[in-house]
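The values are calculated or read from the model by the stated rules, or taken from the named source; none is laboratory data. Please read all numbers here as calculations on a predicted model, not as lab measurements. Heads up, the Cβs are rebuilt from the backbone with ideal geometry, glycines too, and the neighbour counts pull from every protein chain shown. To get the accessible areas, we keep the full protein, side chains included, count just its heavy atoms, and leave off ligands, DNA and RNA. Shrake-Rupley method; radii C 1.70, N 1.55, O 1.52, S 1.80 Å.
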Amino acid sequence: MRLDRWFRVHFPHVTYGHLQKLLRSGQVRLNSRRVQGNARLEAGQQVRVPAMLRQAPQAQPSIAAAPLVLSKGDRDFIEALILYEDDHVLVLNKPYGVAVQGGTGTKRHLDGMLAGMVDRFGDRPRLVHRLDRDTTGVLFVAKHRDAAAKLGRIFQTRSAAKTYWALVKGVPKPPQGKVEAALVKAGGPDGDRVRKALPGEQAVAMHATTHYSVVDRVAHKAAWVSLKPVTGRQHQLRAHMALIGHPIIGDNKYAGDKVLPDSGIEPKLHLHARRLVIPHPVADGHAIDVTAPLPEHMRRTWALLGLDADRFDADHDG
């Protein structure tokens with residue numbers, strides 16, 4: 001489980017922004033070392049948590065009990081995104097350009113809107129994984145703490161089968177393959193990004209594996225690919241496709257915005273979390289299988305390029 005998700009489960013009264021400040025100032029440490037929120041926890045490691053956070057939430061009423069007021073427009077917005085819901089799990093169809101969590105300069109995000117709907121869900125919904133701001137598609141949310149813990153373990157053990165659709169520059173060869181390239185953080189002028197780990201960086205490198213398959217192609221200019229990540233690193237699919245010379249169309253962090261400039265394609269990231277199949281966190285022996293329709297900008301691109309967005313039904317995705 002990621003450190004920030006661990007905090008979300010064990011200290012739900014600590015906001016994302018507050019946790020980031022604690023990490024930056026070194027007040028939260030992993031095995032006595034400074035660490036970032038996306039660090040993966042392993043058995044036997046020690047997390048240093050400030051005493052003020054270890055107090056029971058009821059001892060911090062200003063943090064835990066502050067009611068959030070959500071507009072009817074935002075409530076309707078969340079309701080329209082729901083693809084699946086039961087007593088334990090909520091699955092959303094995340095739209096383009098909406099952040100999953102808050103951060104510097106980000107005031108409107110899905111996590112905050114969900115927090116303002118406790119009266120609707122009976123508890124504070126908890127994110128169990130994330131999608132980039134400009135990635136669309138299937139997003140799982142736990143409706144209570146126990147479901148969040150169990151879903152966190154499921155994602156950690158890679159028992160969730162994730163399928164993404166993307167449009168990439170050129171046509172990958174061979175048409176089916178695997179990308180194995182460890183990644184490290186690399187800051188950039190337009191925000192965080194990752195790059196391939198260099199020799200000697202094993203201590204900070206994140207192992208990452210992605211399977212890809214070409215679904216259809218547009219001559220030699222572009223390809224519709226199905227991507228199945230084995231690991232879940234930040235920007236993994238975007239970085240891996242760029243590393244093999246086929247950046248995702250519209251990706252301004254990995255040179256995908258510099259391809260097909262005169263094609264009429266909208267300059268938006270063409271990466272979509274199409275389908276997620278995952279064991280149910282509570283109902284043993286049952287699986288949740290959810291598919292999200294293509295977002296409008298990708299559907300328009302498919303039509304422009306003569307690709308059939310409806311060639312697969314929900315049970316037979318590429």
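Quick rundown of the values:
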quantity	calculated
Residues of type aspartates and glutamates that Lys150 reaches as a straight line, Cα spacing below 18 Å, ignoring anything fewer than 8 places off in the same chain	Asp4, Glu42, Glu85, Asp86, Asp87, Asp123, Asp284, Asp289
Area of Lys268 that stays accessible when all protein chains are in place (1.4 Å probe, Å², to 10)	60 Å²
Region 12-56: C-alpha gyration tensor shape, a/c 1.5 cut-off, then a/b vs b/c	prolate
P(r) histogram, all alpha-carbon pairs of the chain included - 10 Å bins from 0, percent	5, 25, 34, 25, 9, 1, 0
For Glu201, net neighbour charge (Lys/Arg +1, Asp/Glu -1) across residues whose Cβ lies under 13 Å away	+3
Segments 87-97, 25-35 sorted - mean Cβ within 10 Å per residue, highest first	87-97, 25-35
Charge tally in the Cβ shell below 9 Å around Gly250, where Lys, Arg are +1 and Asp, Glu are -1, Gly250 excluded	-3
Whole-number percent relative contact order across the chain, with pairs defined as alpha carbons under 8 Å at least 6 apart	14 percent
Compactness relative to 2.2 N^0.38 Å, alpha carbon Rg of region 226-285	1.46
Relative contact order of region 83-184, pairs being alpha-carbon contacts under 8 Å that are 6 or more residues apart, as %	25 percent
Computed over region 197-318: relative contact order in percent, which uses C-alpha pairs under 8 Å that are six or more apart	15 percent
Antiparallel bridge percentage (DSSP; both residues within the chain; nearest 5)	95 percent
Theoretical ellipticity at 222 nm over the chain - DSSP helices of four or more residues, -39500 (n - 2.57) apiece, nearest 500	-6000 deg cm²/dmol
Principal axis dimensions, largest first and in whole angstrom, of region 100-196 by Cα	51, 34, 24
Thr15 accessible area, 1.4 Å probe, all protein chains in place, Å² to nearest 10	80 Å²
Cα centroid separation - region 104-149 against region 225-278, whole Å	23 Å
Taking the C-alpha atoms of region 251-303, convex hull volume expressed per residue in Å³	98 Å³
Exceeding the 20 Å Cα-Cα cut-off - candidates Lys94/Lys228; Lys21/Lys268; Lys169/Lys258; Lys185/Lys253; Lys94/Lys162	Lys21/Lys268
Kirkwood-type radius of region 203-318, with distances r between different C-alpha atoms, in Å	15.8 Å
